Structures are given as structure tokens and as C-alpha cells.
Amino acid sequence: MNKVYVSTRDENRKLSSKEAILEGISSDGGLFVWPELDSVKIDLNKVCKQSYQENAYMILKELLPDFSEEELRECIHNAYTNSFDAEDITPIKKVDDVYVLELFHGPTSAFKDVALTLLPQLMQKALQSTNQKALILTATSGDTGKAALCGFQDVKDIGIVVFYPHQKVSQIQYRQMATQKGKNVKVYAVKGNFDDAQSQVKKLFLDDEMNGIAKSKQILLTSANSINIGRLIPQIVYYFESYKYLVNQGMIQIGEKVSFSVPTGNFGDVLAGYYGYLMGLPVEKFYVASNANHVLTDFLSTGIYDRNRDFIQTISPSMDILISSNLERLLYYMSGKDTAFVKKCMDDLKETGKYQIPEDMLSKIQDLFGCGYVNDTETKRVILDVYEQTKVVLDPHTAIGYSVAQNSDESPIVSLSTASPYKFSIDVLDALGIQVKDELEAMKELSKVCSDPIPKGLNELEKLPILHTDVIEIEEMKEVVSQAMEACFHD
């Protein structure tokens, strides 16, 4: 089997793509990367003539070489047939002078659907060559949780446990997770913030006792976060799709560069774009758009990553993150694939809460990555201004990316729209000067000003019973995972 993936912290840890998807995070704490990624070159002429599904196959076959053509085509078909309310999966809408890439047309109205409709398919294929089951442990800042729960619901031989920060997600995000059906799913609110939950999940993956229990039951512990390469790789496709759109609309010629503005907290979405760039996508600049938790803005400006700061709860909760896990993969490629360097940075982060990169490396990163951040007050102003000028309603995360895009002076620039405004109806209405306290009522009110109808999955939330009510301490996460090894695999 082709061992193409290595750990960011140890180049001698080599796995096949199926093994890397099943393992999720490396046993040394690192993330899986493919050293030869920059040798892959995607044919842009083909991209511009093919469907979304055909482009997905062309990209996935390069990065997941031990999946057969039949396996990949079946996975892609199952993921993208009749599961999105847009025929082209990720349509683009021009809003003023920015091209807004709408990534929220999947079953849970968030960009995570693009990958999390596909990851369960890939994982199931990877499991078929083993005698094992998989238990997915996922920390979520809001959107990943529901998308993963929806994607993995009642999938054979796979269970899923989702942890979200108690009272730090929107009411809609809470209802989406708390009403989730499925014999193989468990959902827990955790007292703490997203970083607390994510850090504990990473510890559980490396916990000898936990892994011993799982091994005795022939269960693999793995992840559905973007630390899993099977979650990250499908996101590359929509960057090429946006390029296809601009070419086919006559906005650019093949080979001309475009820029992207990406609202991000965990650095996964923008990293997928960087992977596209390494594979031949012509990119002038990636703009990393942050909210008031602007640890990434500071890093990209100074070369110092420092999470020793107050955690700020904002109206863009999916970006309320101080430990951006996927940045580790960028460090790997920008350091010349120096796993010892990456390991030292991550050790420093764990021990002191910060690390610093050399000036020449920072300069190399800044050549390709710009940055900016937008606080809540400014986010609301952007939502209002865009609505008044264009009648388009942006969600708070999208508004941040849009604002950074407009301030960049790049043209053409594609701004990623990561969620439906209906998921954050109260805050969006507040920005528009309309006060509603109940989020279900707020969705109905928002539908009066929003040109798009309430998505089906959100519209039915009001009628669904709350099924998951547990609120736990961080220290209890290990115990509930042990219980899930039994509870998620009842026949």
C-alpha cells in the first residue's frame, strides 16, 4: 500500500491515505501531510469544463491514491447527489465588487457539509479493509458538530461523539445538535470554550488507557474535524470551482491569478485553499479574516503565535478559537517540510502558550497571506451596509470575510460565505435594526427581508424534540467516551 502521508512532527511516521483518514490525528500529536503535495498539478483547462463531481474526483484521486476509482466515484456520488439545494453545490453570487462563494447549500446550511457529506463515505470504504469499527470524537465551535452528526447518522460500524461549548453556540446551532437523531450518535455540552474541548479531545486520542480500551473492543478512535485529512481534502474542490466560475464568466483568463478572503478560526478552510495553490491554482493572495479573537491576525503580522489572551465570545462563534490547529500544516510546508521545527513550535505552544517563527519564514508566509480582523460592532455595520446597498443578507462570519475582502484592494477576489444567515438570525436582525429574542421567531422574521427561503433543515427545527441534554465538565469527557464505545454500536 502506498505510504504517502507523514506526521507534521515526525517524517518517519508514514501511512497510506486510508490509514491517515482512519487515524485522524497522528499518535505523536501531529497532523498528517503529504510531502509531495506540491508536485501535483491540476489541469485548469479540464477543471473549467468539468462538473463539480468530476473535479472532485480529479482532485481526490491525486491525494487519496489507495482508494480505487470505483470507490472514489461511489463516495462522491453518494455525497453530492440530491443532498445540496444548489445544482452546482457551491454557487457564486457577485455582491458589489466581491464574488461571494456560497458554501451553505448542504443539509446543515454550513460550509462543513461540503466535506462532511463525503468523509463518512471515505471512512466507510477505509474501514472495509479492516475488522474494526470507528468512534469519531469531535469538538465543535458550532457548525462542524451538526454537519458531522448528520453525515455519520446511522452509518454502519461508525459511532460519533460531539462536544460543543455550553452556551457558546447560537440557539440554532444548539438546536441542530440537540435534536439529532441516530442510534450511533452522542452529543454533550461542555463547560468551557471550544479550545478547552478541542484540547481535551486531542488528549483523548493520545491517552494510552483510552486507546487500550478501544483496541480491546476493536474500535479506532478518530476525528471529523479538519485535523483529519479526509475532512480537509474535499474542501480544496470549491477553490478550483470558484476559479472555473470566473473563467467561464469571462472575468479572467486561465492562468490569471485570483485572491480569496476566508473567515477562519481553526485555519482549516483557508489551508484547503493553500493546498489548491500548491496544486497549481493561480492565487495572488489569501486573506485570513478573523473576529475579535484575532490570534491569527497577530501571528501573520508579527510571526509570534500567542494564545495567552482573553477568550472573547462573539456573534461569529464558529471563529471563537485561540488554538488554530491547522496552522501546523502551513508551518510544515513553509519550513521546507521540517518536522523537527514544527514539533518544537508545537511543544513551545503546549508549554508556554506561544511560539515564534524566523523572520525569513514570516516573510515567505506574508508574500501569500494577508490578514485582517473585524469586531462585532463592525461586523453588524457590514451586514447592514451590504443589505442596504445590495439587498443581500450575510451571516456574521461571511460579513467578516467580506469586509476584509473589500479592504484588500484585490480584484478579482472571492470571499467565502461559510453559513446561511438563518443560522444566526437574532444577530443578523439586530444588525438590521430589528429586535427579536427567540431564534426560531427570528428566522421567520428574517425570511421577510432575505431573498432566500429558510432552509428545510432549519425550518423543521421548531417541531423536533430535544434529544441530547447532558452538560458535562471537561474532566468527564473521558468517561463519556468510554461509555460511547458501548452505546454507539448497538445492533
Problem - Accessible heavy-atom area order of Ile312, Ile426, highest first, probe of 1.4 Å - result: Ile312, Ile426
Practice task
May I ask you to rank Glu378, Glu11 by accessible area, largest first, using a 1.4 Å probe over the protein chains only?
Solution key: Glu11, Glu378
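Around Ile426, under 14 Å between beta carbons, what's the net of Lys plus Arg minus Asp minus Glu among the other residues?
Taking every Cβ under 14 Å from that of Ile426, the sum is -3.
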Exercise for the section: Under 1.5 on a/c is rounded, so check that first for the range 226-384, then, if it is not, pick prolate when a/b is larger than b/c and oblate when it is not; a ≥ b ≥ c are the square roots of the alpha carbon gyration tensor eigenvalues. Expected result: oblate
Handout entry: Straight-distance crosslink candidates among lysines, where the alpha carbon sits under 24 Å from Lys257 and sequence neighbours closer than 8 are dropped
Key = Lys41, Lys46, Lys49, Lys93, Lys94, Lys244, Lys285, Lys364
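If you restrict to DSSP beta bridges whose two residues both lie in the range 255-396, what percentage is antiparallel, to the nearest 5?
20
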Handout entry: For Met123, solvent-accessible area (1.4 Å; no DNA, RNA or ligand), Å²
Key = 0
Completion exercise
Taking Cα pairs closer than 8 Å and at least 6 residues apart, the relative contact order of the range 22-104 in percent is 17
Exercise for the section: Return a whole-number percent for the relative contact order of the chain, with Cα pairs under 8 Å and 6 or more residues apart as the contact set. Expected result: 20
Practice task
Quick one: net charge around Arg73, please, counting Lys, Arg +1 and Asp, Glu -1 for every other residue with C-beta under 14 Å from its C-beta.
Solution key: -3
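Leaving out ligands and nucleic acids, and using a 1.4 Å probe, what accessible area per residue does the range 372-491 come to in Å²?
On the way: 5670 Å² over 120 residues.
Per-residue accessible area for the range 372-491 comes out at 47 Å².
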Completion exercise
Taking Glu256, Glu328, Glu209, Glu70 and ranking on accessible area (1.4 Å, protein atoms only), highest first, one gets Glu70, Glu209, Glu256, Glu328
Exercise for the section: May I have the extent of the alpha carbons of the range 1-64 along their three principal axes, as whole Å values ordered from largest to smallest? Expected result: 42, 22, 21
Practice task
Using a 1.4 angstrom probe, figure out how much accessible area the range 281-367 has per residue, in square angstrom, rounded to the nearest whole.
Solution key: 38
Fill in the blank from the handout: Measuring from its Cα centre, the chain shows a charge dipole (+1 at each Lys and Arg Cβ, -1 at each Asp and Glu Cβ) which, in debye to the nearest 20, is 700
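Using a probe radius of 1.4 Å on heavy atoms only, what accessible surface per residue do you get for the range 92-138? Whole Å² is fine.
Per residue, the range 92-138 has an accessible area of 27 Å².
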Problem - Cα Rg, Dmax, the chain, angstrom units - result: 20.9, 61
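Carbon-plus-sulfur fraction of the accessible area of the range 67-180, 1.4 Å probe, in percent?
Looking at the range 67-180 in its full context, I get 39 percent from C and S.
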Handout entry: For Val187, residues with placed amide H under 5 Å, excluding near neighbours
Key = Val162
Handout entry: Separation of the Asn131 and Val471 label points, Cα + 7 Å toward Cβ, nm
Key = 4.5
Practice task
Using a 1.4 Å probe over the heavy atoms of the protein chains, calculate the carbon and sulfur portion of the accessible area of the range 184-338 as a whole percent.
Solution key: 43
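The values are calculated or read from the model by the stated rules, or taken from the named source; none is laboratory data. The shown structure was predicted, so the numbers you read here are calculated from the model rather than taken from an experiment. For neighbour counting, all protein chains shown are included, and Cβ atoms are generated from backbone atoms with ideal geometry for every residue, glycine included. We work out accessible area using only protein heavy atoms, side chains counted, and drop any ligands, DNA or RNA first. Shrake-Rupley method; radii C 1.70, N 1.55, O 1.52, S 1.80 Å.
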